[in-house]
Amino acid sequence: MKKMAMMVGMVLLLGVGIALAADPAAGAAVVKKQTMCPVMTNNTVNPKLYVDSDGKRIYVCCRGCIGAVKKDPAKYIKQLEAEGITFDKAEPEKAK
(Lines give C-alpha, C1' and ligand atoms only; values in the text may rest on other atoms or scores of the structure.)
Protein backbone atom coordinates (compact mmCIF):
# COMPACT_ATOMS: atom_id res chain seq x y z
CA MET A 1 0.00 0.00 0.00
CA LYS A 2 2.84 2.40 0.82
CA LYS A 3 4.50 1.69 -2.51
CA MET A 4 1.24 2.37 -4.35
CA ALA A 5 0.76 5.73 -2.60
CA MET A 6 4.37 6.65 -3.32
CA MET A 7 4.00 5.77 -6.99
CA VAL A 8 0.81 7.84 -7.28
CA GLY A 9 2.59 10.79 -5.67
CA MET A 10 5.53 10.48 -8.05
CA VAL A 11 3.22 10.31 -11.08
CA LEU A 12 1.40 13.43 -9.91
CA LEU A 13 4.67 15.32 -9.42
CA LEU A 14 5.88 14.20 -12.82
CA GLY A 15 2.63 15.40 -14.38
CA VAL A 16 2.95 18.83 -12.79
CA GLY A 17 6.56 19.07 -13.96
CA ILE A 18 5.59 18.19 -17.52
CA ALA A 19 2.75 20.73 -17.49
CA LEU A 20 5.08 23.51 -16.30
CA ALA A 21 7.71 22.54 -18.86
CA ALA A 22 5.10 22.67 -21.62
CA ASP A 23 3.95 26.14 -20.54
CA PRO A 24 6.74 28.03 -18.74
CA ALA A 25 4.45 31.02 -18.18
CA ALA A 26 2.00 28.87 -16.19
CA GLY A 27 3.61 29.86 -12.90
CA ALA A 28 4.27 33.51 -13.85
CA ALA A 29 2.08 36.37 -12.73
CA VAL A 30 -0.07 37.88 -15.46
CA VAL A 31 0.35 41.62 -15.96
CA LYS A 32 -2.67 43.42 -17.37
CA LYS A 33 -1.90 47.08 -18.03
CA GLN A 34 -4.60 49.72 -17.73
CA THR A 35 -5.61 50.92 -21.19
CA MET A 36 -9.15 52.23 -20.61
CA CYS A 37 -10.31 55.14 -18.46
CA PRO A 38 -12.14 53.97 -15.31
CA VAL A 39 -14.50 56.98 -15.45
CA MET A 40 -15.32 57.19 -19.14
CA THR A 41 -14.93 53.48 -19.74
CA ASN A 42 -15.05 53.62 -23.55
CA ASN A 43 -12.08 56.00 -23.77
CA THR A 44 -8.43 55.00 -23.83
CA VAL A 45 -6.16 56.52 -21.21
CA ASN A 46 -3.72 59.37 -21.74
CA PRO A 47 -0.46 58.18 -20.12
CA LYS A 48 0.32 61.77 -19.13
CA LEU A 49 -2.89 62.10 -17.06
CA TYR A 50 -3.20 60.17 -13.82
CA VAL A 51 -4.02 60.23 -10.12
CA ASP A 52 -1.75 58.59 -7.54
CA SER A 53 -3.53 57.04 -4.56
CA ASP A 54 -2.48 54.42 -2.01
CA GLY A 55 0.74 53.78 -3.91
CA LYS A 56 -1.17 53.04 -7.13
CA ARG A 57 -1.31 55.08 -10.32
CA ILE A 58 -4.75 55.43 -11.92
CA TYR A 59 -4.66 56.66 -15.51
CA VAL A 60 -7.54 58.66 -17.02
CA CYS A 61 -8.48 59.88 -20.49
CA CYS A 62 -8.89 63.61 -19.82
CA ARG A 63 -8.50 66.31 -17.18
CA GLY A 64 -12.22 66.12 -16.39
CA CYS A 65 -11.82 62.55 -15.14
CA ILE A 66 -9.03 63.51 -12.73
CA GLY A 67 -11.56 65.21 -10.43
CA ALA A 68 -13.84 62.18 -10.37
CA VAL A 69 -10.97 59.87 -9.43
CA LYS A 70 -9.66 62.26 -6.77
CA LYS A 71 -13.15 62.46 -5.26
CA ASP A 72 -13.35 58.68 -4.70
CA PRO A 73 -10.08 56.92 -5.59
CA ALA A 74 -11.04 53.76 -3.65
CA LYS A 75 -14.02 53.24 -5.96
CA TYR A 76 -11.82 53.28 -9.06
CA ILE A 77 -9.07 51.18 -7.49
CA LYS A 78 -11.67 48.54 -6.61
CA GLN A 79 -13.14 48.70 -10.13
CA LEU A 80 -9.74 48.30 -11.81
CA GLU A 81 -8.69 45.49 -9.44
CA ALA A 82 -11.92 43.64 -10.32
CA GLU A 83 -10.85 43.90 -13.98
CA GLY A 84 -7.50 42.33 -13.11
CA ILE A 85 -5.50 45.48 -13.81
CA THR A 86 -1.90 45.57 -12.57
CA PHE A 87 -1.25 49.09 -11.31
CA ASP A 88 1.89 51.07 -12.00
CA LYS A 89 3.46 52.22 -8.76
CA ALA A 90 2.81 55.83 -7.78
CA GLU A 91 5.81 58.12 -7.53
CA PRO A 92 6.68 59.01 -3.95
CA GLU A 93 5.50 62.49 -3.02
CA LYS A 94 8.26 65.08 -3.12
CA ALA A 95 9.00 66.98 0.07
CA LYS A 96 7.83 70.57 -0.04
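The values are calculated or read from the model by the stated rules, or taken from the named source; none is laboratory data. Bear in mind the structure is a predicted one, so any value in this text is a computation, not a measurement. Positions of Cβ are generated from backbone atoms using ideal geometry, with glycine treated the same way; all protein chains shown enter the neighbour counts.
LYS48 - would you say it is of a type outside the set (Asp, Glu) and part of a loop (DSSP other than H, G, I, E, B)?
yes
Could you go through the stretch 66-86 and let me know if any residue there is modelled with pLDDT under 95, out of contact with any helix residue (DSSP H, G or I) (no Cβ under 7 Å at 6 or more places or on another chain), among the aliphatic types (A, V, I, L, M) and on the phi < 0 side of the Ramachandran plot.
Scanning the stretch 66-86, I find no residue that is modelled with pLDDT under 95, out of contact with any helix residue (DSSP H, G or I) (no Cβ under 7 Å at 6 or more places or on another chain), among the aliphatic types (A, V, I, L, M) and on the phi < 0 side of the Ramachandran plot, so the answer is no.
Among the residues of the stretch 24-36, are any at pLDDT 60 or above and in a helix (DSSP H, G or I)?
Scanning the stretch 24-36, I find at least one residue that is at pLDDT 60 or above and in a helix (DSSP H, G or I), so the answer is yes.
Given the criteria free of Cβ contacts under 8 Å to residues at least 60 places away in the same chain and surrounded by 11 or more Cβ atoms within 10 Å (Cβ to Cβ), does ARG57 qualify?
Yes; evaluated as a whole, the condition is true for this residue.
Any residue in the stretch 65-76 that's assigned by TED's automatic domain parsing to the domain that holds ASN42: show its pairings with residues that are part of a helix (DSSP H, G or I) and β-branched (Val, Ile, Thr) at Cβ separation under 9 Å, as long as the two are six or more apart or on different chains.
Cβ pairs passing all conditions: LYS75/VAL69; TYR76/VAL69.
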